[in-house]
Amino acid sequence: MIYRLFQELLNNALKHSYANTVEIHLLGTEEGFQILYSDDGVGCNIDDILLADSMGIQGMQERVQAFNGNSH
């Protein structure tokens, strides 16, 4: 699951944000792990993406929820 999340994050950065720099951090926590993501791309309105049928972000959310995680 972690591999697929990283893959989709990088794919979105290349296809949509036109980022030159991407940072992804995988942190161990008491509850499991946390992924922190940032890039220097053009940005987007997350509400518009969530309302659209954005399979990439929706797919990432579904993967996380399948493992009793949350995305925010």
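The values are calculated or read from the model by the stated rules, or taken from the named source; none is laboratory data. Bear in mind that the values here come from a model prediction, so they are computed numbers and not experimental data. All Cβ positions, glycine included, derive from the backbone under ideal geometry; neighbour counts span all protein chains shown. These accessible areas exclude ligands, DNA and RNA; they are computed on the full protein's heavy atoms, side chains included. Shrake-Rupley method; radii C 1.70, N 1.55, O 1.52, S 1.80 Å.
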Give all pairs with beta carbons closer than 8 Å in which a residue from region 9-37 that is under 18 Å from Ile57 (Cα atoms) and without any contact (Cβ under 8 Å) to a residue 60 or more places away in the chain meets a residue that is part of a helix (DSSP H, G or I) and of a type in the set (Phe, Trp, Tyr); count only pairs at least 6 apart in sequence or on separate chains. Ile24/Phe6; Ile35/Phe6
For region 20-70, how many residues meet the condition of being modelled with pLDDT under 85, within 14 Å of Ile2 (Cβ to Cβ) and open to solvent by 60 Å² or more (accessible area, probe 1.4 Å)? 3
